[in-house]
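Chemist: This is the structure I want to talk about, given as structure tokens.
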Amino acid sequence: MLQLGVSKLDITPRTPVPLAGFAERTGVFESIAAPLFARCFWFADGSGQPVLLVTADLIWWGPEITAAIRARIPEAYVVLHASHSHSGPQTALGMSPLLGATSPEYLRDLEDLIVAVAARARASTEPVLARRGMTTARLGIHRRKLIDGEIRMAPNPEGPTDPECTVIQFVNPEGVEKAILVHATCHPT
């Protein structure tokens, strides 16, 4: 039977750092409207290597931190997912400074936090059943529009979008919900 452990941890920077994703944004953040989280799902079924899925409120995972996290959790196949939030710190060292400078201190903290939240998820494993549902979520809008013969960043309701939304619910054998995974596309700007 499928085993699942889950855990959630606040990964909001402890000190102001530059945020990633907008070339015109400079400096560090001034306040926190909502915390950033990492959520871990530790999947095992006894037949092979466990899988650790980490979803985080980040714009992306840089290759350096990806390699560091995977090296510290060798017992699992590690999948790192980012929500592509433009309200989080830069996590890739090689990106243009226009997309947000990286804080080495934050990257060290983030690595330690992910290893800790993964251990908590592993420790909370229990048998689960998975249920899948499908719906539509029409949150997204195409962000490119032809205006006066030029493609511009502008809402385009007629442009292509993907409204499909998949929801996977994990429940223990008693039917008590353990976790939910949602997949829906919507660029968060």
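The values are calculated or read from the model by the stated rules, or taken from the named source; none is laboratory data. These numbers were taken from a predicted model, which means no experiment stands behind them. Because the Cβ atoms are built from the backbone with ideal geometry, glycine has one as well, and the counts that use them run over all protein chains shown. We work out accessible area using only protein heavy atoms, side chains counted, and drop any ligands, DNA or RNA first. Shrake-Rupley method; radii C 1.70, N 1.55, O 1.52, S 1.80 Å.
Chemist: Consider LEU181 against the criteria (1) modelled with pLDDT of 90 or more; (2) under 28 Å from ALA20 (Cα atoms); (3) open to solvent by 50 Å² or more (accessible area, probe 1.4 Å): it satisfies all of them except one. Which criterion is unmet?
Modeler: Among (1) modelled with pLDDT of 90 or more; (2) under 28 Å from ALA20 (Cα atoms); (3) open to solvent by 50 Å² or more (accessible area, probe 1.4 Å), the lone unmet condition for LEU181 is (3).
Chemist: When the residues of segment 75-96 are filtered to those that are part of a loop (DSSP other than H, G, I, E, B) and at pLDDT 95 or above, which remaining residue is nearest to the chain's Cα centre (by Cα)?
Modeler: If we take residues in segment 75-96 being part of a loop (DSSP other than H, G, I, E, B) and at pLDDT 95 or above, then ALA76 is nearest to the chain's Cα centre (by Cα).
Chemist: Restricting attention to segment 106-122, does a residue exist that is touching an Asp or Glu at 6+ places or on another chain (Cβ under 7 Å) and surrounded by 16 or more Cβ atoms within 10 Å (Cβ to Cβ)?
Modeler: Looking for residues that are touching an Asp or Glu at 6+ places or on another chain (Cβ under 7 Å) and surrounded by 16 or more Cβ atoms within 10 Å (Cβ to Cβ), one finds none in segment 106-122, hence no.
Chemist: Moving to a separate point now. Taking the criterion of being more than 25 Å from THR125 (Cα to Cα), in a loop (DSSP other than H, G, I, E, B) and open to solvent by 60 Å² or more (accessible area, probe 1.4 Å), would at least one residue in segment 51-74 satisfy it?
Modeler: Yes.
Chemist: Select from segment 11-49 the residues that are among the aromatic types (Phe, Trp, Tyr) and over 21 Å from LYS178 (Cβ atoms) and write down the one among them that is surrounded by the fewest Cβ atoms within 10 Å (Cβ to Cβ).
Modeler: Here the answer is PHE22.
Chemist: Still on this model: Output the number of the condition that ARG39 fails; it satisfies all remaining conditions of (1) more than 30 Å from GLY175 (Cα to Cα); (2) charged (D, E, K, R); (3) assigned to a strand (DSSP E or B).
Modeler: The one condition ARG39 does not meet is (1).
Chemist: Also, quick follow-up: Could you check GLY46 against (1) closer than 23 Å to ARG25 by Cα; (2) at pLDDT below 95 and say which number it fails?
Modeler: (1)
Chemist: Right, another one. On the given criteria, is LEU99 open to solvent by 80 Å² or more (accessible area, probe 1.4 Å) and modelled with pLDDT under 95?
Modeler: Here the answer is no, as LEU99 does not meet what is asked.
Chemist: If you go through segment 97-149 one residue at a time, how many are in a loop (DSSP other than H, G, I, E, B) and either touching a residue at least 60 places away in the same chain (Cβ under 8 Å) or under 27 Å from HIS183 (Cβ atoms) (or both)?
Modeler: Summing the residues that are in a loop (DSSP other than H, G, I, E, B) and either touching a residue at least 60 places away in the same chain (Cβ under 8 Å) or under 27 Å from HIS183 (Cβ atoms) (or both) in segment 97-149 gives 11.
Chemist: Enumerate the strands (runs of 3 or more DSSP E) found wholly within segment 150-189, keeping only those where 1 or more residues are in contact with an Asp or Glu (Cβ under 9 Å, 6 or more places away or on another chain).
Modeler: The strands (runs of 3 or more DSSP E) meeting that bar are 164-171, 177-184.
Chemist: Name the single residue, out of those in segment 143-178 being open to solvent by 50 Å² or more (accessible area, probe 1.4 Å) and in contact with a Ser or Thr (Cβ under 8 Å, 6 or more places away or on another chain), that is nearest to SER124 (Cα to Cα).
Modeler: Once the filter is applied, the top-ranked residue is GLU164.
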